[in-house]
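Written out below as structure tokens is the structure these notes cover.
The values are calculated or read from the model by the stated rules, or taken from the named source; none is laboratory data. As the structure is a prediction and not an experimental result, all values here were calculated from the model. Cβ atoms come from the backbone with ideal geometry, glycine included; neighbour counts cover every protein chain shown.
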Amino acid sequence: MANPHSPSPPQDNTSLLQRSTGVFAYTVRAAELVWATSKTLTFVIGGLTLIAGLLPGGIAWTGKQLIDAVVASANGTAPVDPALWWLGLEAGLVITMAAAQRGLSVANSLLRAQLGHRVNVMILDKAQQLELTHFEDSEFYDKLTRARREASSRPLSLVRSTFGLIQNSISLITYGALLLAFSPWAVLVLAIAAVPAFVAETKFAGEAFRLFRWRSPETRKQMYLETVLAREDYAKEVKLFGLGEELVTRYRDIFKTLYGEDRDLTMRRGLWGFLLGLLSTAALYGAYAWVTISAAASRITLGDMTMYLLVFRQGQGAFSAILQAIGGMYEDNLYLSNLYEFLEQEVAAPSGDETTGPAPKDGIRFDHVSFTYPDSTTPALNDVTFHLKPGTRLALVGHNGSGKTTLIKLLTRLYEPSSGTISLDGRPLEEWDPDALRDRVGVIFQDFVRYQFTVGENVGVGDVDRIDDRPPIEVAAERGMAAPFIADLPKDYDTQLGRWFKDGRELSIGQWQKVALSRALMRETADILVLDEPTAAMDAEAEAEIFQRLADLTEEQMAILISHRFSTVRMADHIAVLHKGELVEEGTHEQLMALDGRYAHLFTLQAKGYQ
Ligand code: ADP
């Protein structure tokens, strides 16, 4: 990606040939997509396109017959009936044409809805397979944003342009056939006059897309500012810190830059379009003059003249429609290239399929585990080794940024260690079936999600198979201490949470944490419970009670908890102290106090605060 602050977009190095093949590169895939979306609609659109392509030539030709018949009748060489028959036929063709066009627009609308939905679902399905690192990679995130932004309109627009191109090309061929009788040269002159406009259209369409692609970080920034300015969860801070004006100014500035670029391109595109269009118009009127002179000299009939003039004028229209279609197709193709780039992003195949380990009583082992975040130079975890046996509660202690959450993310396989092995029941994590592993772990992160669902569903998401299964939800809420306040909510477990939807209730942070804790307790099969600062916003009494409950762990269960409150940390069976990604001390509270190191220092510091 180019530097978003550089003053101009990257230059175009592609050749004309590459650009023209780019126009059609994804058309086949788009057609496949449309075909798979609705075979009936594709058939209907195809058929109507053929009709709409053939009819204009037919109408022009009928018009000629009509005028010739009228002239013959006026001269007294023929009766008036044939003229009326031709008139009737022309009316019939015009009505058919109108029906075909209306049918096309109806079919296109129906297809648009289905196709947009299909592409959106493809994008969302793909997003499910991605790894966390993909979402954290800004360049990849750009691809996702770009793919999503126009997912509903672009594929259909490509199909429309393609069919439009076919329709107008058929018309042009019929016009050409009619014109051929007048002079092949006329056909040639008109075709050649259109070439410069075609080249310019391809060039500008390509430029527009590069601009669009290059500034995607800017557009994303704008979208982010819109979110901050217009969403309820940001409103409080934005108001109190008076951020509104500053953010709107930033928003405006981005618009100004983007608009400036748009304006330049639009102006150039418009100017060149006009100049090259003049060339075609000149050719057209040259041909007009030729036809007029021929008719005046009686080399062609009056009907011929009317038909040729109509054919020239409509042919001109068809040419410019083709140009527009090509310009549109180019942009649509480039959009699709981005979409498929996103959809074809390689994701690591899910590893192992083992559902048990060789040593079920071994618990969790970290063996010389190190991890460095992508784009980071210093390791977030460095050579960490420890063993957690079933039936134990481990507390992780350390300053902010010492690597506690990272350790949990590795344990839950959100990331793969850069080196070293993590094993469960004597089997490395990567050999485990991901679902089997997931069933074993109940986890709650400090930045847990507050779903704008009902409170029952907010607990139920912890075990999605039972998201609507009330009894286990109630049990989990009871264990997570959320049950008492849920009982006080207006529709107890069916109370909508958050402000996005009607009658939504907001909870206090401590109450949310209890909901989150209940969520972590939803999986009854889970024997590894991981709590990353789940109680920070709860009152001391609630926290003490929760840890008292944790003390009732069965012999098979393990708990890992991160907390900054030493009153709870000291209740753990085993304490590990992390410092700058390294495990510097471990043992029981008494052992660590006796060691008189970092833990003892931190503990005494906090104890003093309470005296
Ligand atoms: P703790 O949970 O102990 O507060 P973390 O494990 O969250 O600490 O972070 C450890 C280090 O890793 C910190 O220096 C932090 O800046 C870095 N870090 C955390 N998350 C990411 C991430 N997603 N990408 C890059 N660096 C990260």
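For the stretch 311-330, the criterion of being assigned to a helix (DSSP H, G or I) and of a type in the set (D, E, K, R) is met by at least one residue. Sort through 385, 372, 406 and tell me the only one that's closer than 23 Å to residue 561 by Cβ, within 16 Å of the ligand (Cβ to nearest atom), among the hydroxyl-bearing types (Ser, Thr, Tyr) and modelled with pLDDT of 90 or more. Going through 385, 372, 406 in turn, just one is closer than 23 Å to residue 561 by Cβ, within 16 Å of the ligand (Cβ to nearest atom), among the hydroxyl-bearing types (Ser, Thr, Tyr) and modelled with pLDDT of 90 or more: 406. Residues that are closer than 17 Å to residue 445 by Cα number at least 2 in the following helices (runs of 4 or more DSSP H) confined to the stretch 467-537: 509-520.
Of all residues in the stretch 388-399, those satisfying the criterion of being away from the ligand (no atom under 11 Å from the Cβ) and either surrounded by 19 or more Cβ atoms within 10 Å (Cβ to Cβ) or not basic (Lys, Arg) (or both) are 388, 390, 391, 392, 393, 394, 395.
Of all residues being closer than 25 Å to residue 139 by Cα and without any contact (Cβ under 8 Å) to a residue 60 or more places away in the chain in the stretch 335-370, which is surrounded by the most Cβ atoms within 10 Å (Cβ to Cβ)? Just the residue, please.
Let us first name the residues in the stretch 335-370 that are closer than 25 Å to residue 139 by Cα, namely 335-350.
The next check asks that each one be without any contact (Cβ under 8 Å) to a residue 60 or more places away in the chain; those that pass are 344, 346, 349.
Values: 344: 9, 346: 5, 349: 6.
Result: 344.
Candidates in the stretch 537-568 are the residues that are away from the ligand (no atom under 16 Å from the Cβ) and under 18 Å from residue 361 (Cα atoms); of these, the one that is modelled with the lowest pLDDT is 553.
Checking the condition surrounded by fewer than 16 Cβ atoms within 10 Å (Cβ to Cβ), touching a helix residue (DSSP H, G or I) at 6+ places or on another chain (Cβ under 6 Å), at pLDDT 80 or above and in the same structural domain as residue 42 (by TED's automatic domain parsing), which residue from 121, 106, 80 passes?
Details: 121 fails: touching a helix residue (DSSP H, G or I) at 6+ places or on another chain (Cβ under 6 Å); 106 fails: touching a helix residue (DSSP H, G or I) at 6+ places or on another chain (Cβ under 6 Å).
From the options 121, 106, 80, the qualifying one is 80.
Residues that are over 23 Å from the mean Cα position of the chain (by Cα) and free of Cβ contacts under 8 Å to residues at least 40 places away in the same chain within the stretch 99-134 comprise 99, 102, 105, 106, listed in sequence order.
Any chance you could count how many residues in the stretch 289-301 are free of Cβ contacts under 8 Å to residues at least 40 places away in the same chain and under 26 Å from residue 75 (Cα atoms)? Quick ask: steps written out before the conclusion?
Here is the first cut: in the stretch 289-301, the residues free of Cβ contacts under 8 Å to residues at least 40 places away in the same chain are 289, 292-293, 295-299.
After this cut, where a residue has to be under 26 Å from residue 75 (Cα atoms) as well, the list is 292-293, 295-299.
Total meeting the criteria: 7.
Considering only residues that are free of Cβ contacts under 8 Å to residues at least 24 places away in the same chain and within 22 Å of residue 382 (Cα to Cα), look in the stretch 417-445 and name the one that is nearest to the ligand (Cβ to nearest atom). Restricting to residues being free of Cβ contacts under 8 Å to residues at least 24 places away in the same chain and within 22 Å of residue 382 (Cα to Cα), the top hit is 429. Applying the condition of being part of a helix (DSSP H, G or I) and surrounded by fewer than 18 Cβ atoms within 10 Å (Cβ to Cβ) to the stretch 145-165 and asking which residue is farthest from the ligand (Cβ to nearest atom) yields 149. Residue pairs whose Cβ atoms lie under 6 Å apart, separated by 6 or more positions or on different chains, with the first residue in the stretch 220-237 and free of Cβ contacts under 8 Å to residues at least 24 places away in the same chain and the second among the aromatic types (Phe, Trp, Tyr), are 228/234.
The residue that is surrounded by the most Cβ atoms within 10 Å (Cβ to Cβ), among those in the stretch 581-599 that are in a strand (DSSP E or B) and within 16 Å of the ligand (Cβ to nearest atom), is 583.
With the condition kept exactly as written, say whether any residue in the stretch 268-284 is hydroxyl-bearing (Ser, Thr, Tyr), without any contact (Cβ under 8 Å) to a residue 12 or more places away in the chain and exposed (fewer than 15 other Cβ atoms within 10 Å of the Cβ). Break it down stepwise before answering.
Of the residues in the stretch 268-284, the ones hydroxyl-bearing (Ser, Thr, Tyr) are 280-281.
Add one more test, that the residue is without any contact (Cβ under 8 Å) to a residue 12 or more places away in the chain, and what stays is none.
The answer is no; no qualifying residue exists.
Would you confirm, using the coordinates I've provided, whether residue 437 is in contact with a Lys or Arg (Cβ under 9 Å, 6 or more places away or on another chain) and outside any helix (DSSP H, G or I)?
Working: in contact with a Lys or Arg (Cβ under 9 Å, 6 or more places away or on another chain): yes; outside any helix (DSSP H, G or I): no.
In short, no.
For the stretch 530-547, the set of residues classified as of a type in the set (A, V, I, L, M, F, W, C), surrounded by fewer than 22 Cβ atoms within 10 Å (Cβ to Cβ) and within 35 Å of the chain's Cα centre (by Cα) consists of 536, 537, listed by residue number. Which members of the stretch 376-388 meet the condition of being out of contact with any helix residue (DSSP H, G or I) (no Cβ under 6 Å at 6 or more places or on another chain) and touching a residue at least 24 places away in the same chain (Cβ under 8 Å)? Those that are out of contact with any helix residue (DSSP H, G or I) (no Cβ under 6 Å at 6 or more places or on another chain) and touching a residue at least 24 places away in the same chain (Cβ under 8 Å): 378, 379, 382, 383, 384, 385, 386, 387, 388.
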